[in-house]
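The structure under discussion appears below in the form of structure tokens.
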Amino acid sequence: TGLRSDKQQANSSSTEALAVLQAGAKALETQRCAAQPAIDLVAAVAMSEYKNLLEQPKWSQKVAALDAVIDCAGEKPYKLAQPSSFVNYAPLISEMKKILGHTHFAVVSKAMEVLAMLAEGVGEKLYPHLRPLVTPLLQLSKDKKLTKAVAGSLDSMFGNVLGFDSLLDKDDALYAAVDEKIQKNALARSTALEFLERCVKRNASSGPKGELSAQVAAASASLCCAKLNDSDATVRKSAMQVLTALQAAEDRKVVERVEKVIETLKDSNPRAYKILTEGRTQRKKEKS
């Protein structure tokens, strides 16, 4: 018993030390990023080979053009000049939107990388330009060759540019993406829910727009409870995973609101209710 106790204490100390080191490294990275000058991406792109390469017929040349844009942004974490009368990102984003319709997946994927870079480097001031792209990106996720790129682009937008309120607009975004009457492709519906799960798990750590409020959590839970009736098993599984992630939130108010929503499954979907309830009980035991 003594040896076990010593081992547990040693593991706890190691975990705490690692957490302190990671926090310190993150703080240093934040300071380094704050100290470096913001890059005028628009001016840098204008001086690059971007335009010339983009006009070339081969898909590989178009990929090279988009790589040139990313190279102009410098190293991660990106720090780009904020929009102003001298720095206008609208034309570049408009070009990326057009490229999303290209026939070659590599070109489309690279355009998504550019959008992700802009979201990380500029932030919420690009909201009017990037928010309309959420639905088209979610629709593109039905192509297996693009699913990973879509996820990366959306993950960069969430927290930096978009919050839960944008994603849970009932006339657009996630509601449309998971509606079986609108989105016939099961992979696209499942991918949208997987995106929501990542947003829930990352929440505030994803950026200044990523806060998970009790109200938003309840709306997310209601959406997922409705998707437990989807005709596709993969979509139903993804919905359950979002509900599980919501149950595991650290904010007590969030969990309380989510549990109230899950309680409605007791009669409508007793099997799902039992799984979620047992899972919650098991997690409590493991914590204690």
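The values are calculated or read from the model by the stated rules, or taken from the named source; none is laboratory data. In this text the structure is predicted, and so the values were computed from the model without any measurement. Neighbour counts run over all protein chains shown; Cβ positions are idealised from the backbone, glycine included. Please note that ligands, DNA and RNA were not included when accessible areas were found on the heavy atoms of the full protein model with its side chains. Shrake-Rupley method; radii C 1.70, N 1.55, O 1.52, S 1.80 Å.
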From the set of residues in segment 214-263 that are modelled with pLDDT of 95 or more and either hydroxyl-bearing (S, T, Y) or assigned to a loop (DSSP other than H, G, I, E, B) (or both), which is surrounded by the most Cβ atoms within 10 Å (Cβ to Cβ)? S220
Would you mind stating whether D155 is in contact with a Phe, Trp or Tyr (Cβ under 8 Å, 6 or more places away or on another chain), over 20 Å from A221 (Cβ atoms) and free of Cβ contacts under 8 Å to residues at least 40 places away in the same chain? no
Looking only at segment 94-117, filter to residues that are free of Cβ contacts under 8 Å to residues at least 40 places away in the same chain and not hydroxyl-bearing (S, T, Y); which one of those is surrounded by the fewest Cβ atoms within 10 Å (Cβ to Cβ)? K98
Within segment 118-175, can you find the residues that are open to solvent by 10 Å² or more (accessible area, probe 1.4 Å), among the hydrophobic types (A, V, I, L, M, F, W, C) and assigned to a helix (DSSP H, G or I)? V122, L140, A149, A151
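Are any of the residues in segment 188-196 among the aromatic types (F, W, Y) and over 22 Å from A233 (Cα atoms)?
Initial filter on segment 188-196 (among the aromatic types (F, W, Y)): 195.
Next, only the ones that are over 22 Å from A233 (Cα atoms) stay: none.
No, every residue in segment 188-196 fails to be among the aromatic types (F, W, Y) and over 22 Å from A233 (Cα atoms).
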So N269 ticks every box in (1) touching a residue at least 40 places away in the same chain (Cβ under 8 Å); (2) farther than 23 Å from D169 by Cβ; (3) open to solvent by 50 Å² or more (accessible area, probe 1.4 Å) but one. Which box is left unticked? (3)
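Before we move on, is Y89 under 23 Å from P132 (Cα atoms) and open to solvent by less than 50 Å² (accessible area, probe 1.4 Å)? Quick ask: steps written out before the conclusion?
On the way: under 23 Å from P132 (Cα atoms): yes; open to solvent by less than 50 Å² (accessible area, probe 1.4 Å): yes.
In short, yes.
Among the residues of segment 32-76, how many are assigned to a helix (DSSP H, G or I) and either open to solvent by less than 60 Å² (accessible area, probe 1.4 Å) or in contact with a Pro (Cβ under 7 Å, 6 or more places away or on another chain) (or both)?
Initial filter on segment 32-76 (assigned to a helix (DSSP H, G or I)): 32-35, 41-46, 50-54, 59-72.
The next check asks that each one be either open to solvent by less than 60 Å² (accessible area, probe 1.4 Å) or in contact with a Pro (Cβ under 7 Å, 6 or more places away or on another chain) (or both); those that pass are 33, 41-45, 50, 53-54, 60-70, 72.
Residues flagged as assigned to a helix (DSSP H, G or I) and either open to solvent by less than 60 Å² (accessible area, probe 1.4 Å) or in contact with a Pro (Cβ under 7 Å, 6 or more places away or on another chain) (or both) within segment 32-76 amount to 21.
Go through E211, E180 for me and flag whichever is in a loop (DSSP other than H, G, I, E, B), within 19 Å of the chain's Cα centre (by Cα) and farther than 22 Å from A149 by Cβ. If you could, list the steps in order and put the result at the bottom.
Values: E180 fails: within 19 Å of the chain's Cα centre (by Cα).
From the options E211, E180, the qualifying one is E211.
Please pick out the residue among A239, A186, A214, A248 that is touching an Asp or Glu at 6+ places or on another chain (Cβ under 9 Å) and either more than 22 Å from S141 (Cβ to Cβ) or among the basic types (K, R) (or both).
Working: A239 fails: either more than 22 Å from S141 (Cβ to Cβ) or among the basic types (K, R) (or both); A186 fails: either more than 22 Å from S141 (Cβ to Cβ) or among the basic types (K, R) (or both); A248 fails: touching an Asp or Glu at 6+ places or on another chain (Cβ under 9 Å).
Answer to the selection: A214.
Listed here are the residues, each with its yes/no results for (1) modelled with pLDDT of 95 or more; (2) over 16 Å from M112 (Cα atoms); (3) not acidic (D, E).
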{"residue": "S153", "(1), (2), (3)": "yes, no, yes"}
{"residue": "L167", "(1), (2), (3)": "no, yes, yes"}
{"residue": "K170", "(1), (2), (3)": "no, yes, yes"}
{"residue": "V178", "(1), (2), (3)": "yes, yes, yes"}
{"residue": "S190", "(1), (2), (3)": "yes, yes, yes"}
Extreme residue, nearest to A272 (Cα to Cα), among residues of segment 214-226 that are under 17 Å from the mean Cα position of the chain (by Cα) and small (G, A, S): S220
Being at pLDDT 95 or above and closer than 18 Å to G207 by Cβ: is that true of M96 here? no
Criterion first (of a type in the set (K, R) and either in contact with a Phe, Trp or Tyr (Cβ under 6 Å, 6 or more places away or on another chain) or at pLDDT 95 or above (or both)) does K76 satisfy it? no
